[in-house]
Amino acid sequence: MAKAKKSTSKRKKSTTVRSRSQSVRSMRRNAATQRFSRIAVPLALSLCLLAAIGFISLLGYKSATASPFFKVRDVEIRGVERAAVDDIRRIVTSGAEPTGVWHADLAEIRAKIEKLPFVKTAAVSMALPAGIRVNVIERVPVAIVRLAGGDYLVDGDGVVLAPSSKAEGSMPFVMRGWDEAKTDKAGPDNLARLKLYKKMLDEWKGIGIADRVKEVNLADLHDPAAVIEDTGRPIAVTVAKENLAKSLKSAIEAVAGKGEKIRSVNSGGVYPVIEYLGN
C-alpha cells in the first residue's frame, strides 16, 4: 500500500513538472511572438510607406522631366569649321524632341553625329533645362586625292572625307595613285603615300616651288613623279625620293622656257634627263 502511494506521488510530481515546463515554453513563445510583432509590424509599415513614397516620387519625376519645360529649345555646337552645322542640329533635334532634353539618348545622338563627314569625335551633353551641347573634334584634311569619282579631301588617318571642288592653299596639288581597293595592303600603302605627300609639300614649300606642281603620282612609292607646267604645257617629272626639293628644282630650271618642246624629265639622278617631243 505504501509503495502504491509513493508511485502515485511521483506521477503527480512528474505531471506537475511537465505542466510547469510546458507553461514556461508557452510563455517564452508568446514573449518571442510579441517581440517579433513589435519589430515586424512597424518595419512592414515603414517599408510600405517607403515604397509608396518612392512610387509617388517616380511618378512625379516622370511627370516633371516630361514637362514642356525640358523641351529642346537650344542646340549649342562647338568646334565646327568644315562639318555641316545644319546636319548636326537636325540630328540633335530629331533625337531629343520626342523625349525632351532629360530623356534624350545622348549616346545615340553622338553616334549619328560621328558618322558625318569631317567629324572625328563628338561629345554630347545636356545643358538644362532646354539645351543640348555638342563639342566636335574635326578631321583635318591633309591631302587632295584623285579617285575614280573625282578629287576628294583625305585626313591623316587615310579617311576619305568629302569631294574637293578646288585646290586649297594648304594643299596646292593633287595626289594620283591612291589605292581604292579594300585590301589589307591598301591601307598601309595609302598611309605611306600620305607621308610622302606631306614630305613633298613641306620640302617644296620650303624653297617656294610648291605652286609650280599641278599633281603628283604616288602609285609607285619607290618612283614618285610630279607634273609641272612650263609655257602652258604639262610636263611629267620623275623626282628623287631622298632629295625631293633639289630634284624638282633642277627639273624646273632645266625646262624653263622650253615647255612646248619637252615631254618629260627624269630628275632622279645627278643631272636632269630631258625627253623631247617627237623622240
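Read-outs: derived from the displayed coordinates by stated rules, not from any lab. A quick note: this is a predicted structure, and the numbers were derived from the prediction, not measured. FYI the Cβ positions are ideal-geometry reconstructions off the backbone, even for glycines, and counts take in every protein chain you see.
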_Return the pair list, or none, for Cβ contacts closer than 9 Å from residues in the range 109-133 that are without any contact (Cβ under 8 Å) to a residue 60 or more places away in the chain to residues that are among the basic types (K, R) and exposed (fewer than 14 other Cβ atoms within 10 Å of the Cβ), at least 6 apart or on different chains._
G131/R73; R133/R78
*Answer residue from the range 251-279, given it is in a helix (DSSP H, G or I), of a type outside the set (K, R) and more than 19 Å from L196 (Cβ to Cβ) and is farthest from the chain's Cα centre (by Cα) among those*: E260
*In the range 78-164, which strands (runs of 3 or more DSSP E) lie fully inside it and hold 2 or more residues that are touching a Gly at 6+ places or on another chain (Cβ under 6 Å)?*
131-138
*Mind checking which residues of the range 235-250 are over 42 Å from the mean Cα position of the chain (by Cα) and loosely packed, with under 13 Cβ neighbours inside 10 Å?*
none
*Name the one entry in A236, A245, A219 that is among the aliphatic types (A, V, I, L, M), under 15 Å from M175 (Cα atoms) and not in a loop (DSSP other than H, G, I, E, B).*
A236
*With G149, G156, G177 as the choices, which residue is small (G, A, S) and under 23 Å from the mean Cα position of the chain (by Cα)?*
G156
*Does K195 meet the test of being in a loop (DSSP other than H, G, I, E, B) and charged (D, E, K, R)?*
no
*From (1) assigned to a strand (DSSP E or B); (2) more than 18 Å from D151 (Cβ to Cβ), pick out the condition that doesn't hold for M175.*
(2)
_Please go through the range 156-182 and give me each residue that is surrounded by 15 or more Cβ atoms within 10 Å (Cβ to Cβ), farther than 17 Å from E138 by Cα and among the hydroxyl-bearing types (S, T, Y), ordered by number._
none
*With the condition kept exactly as written, say whether any residue in the range 208-220 is within 44 Å of the chain's Cα centre (by Cα) and polar (S, T, N, Q).*
yes
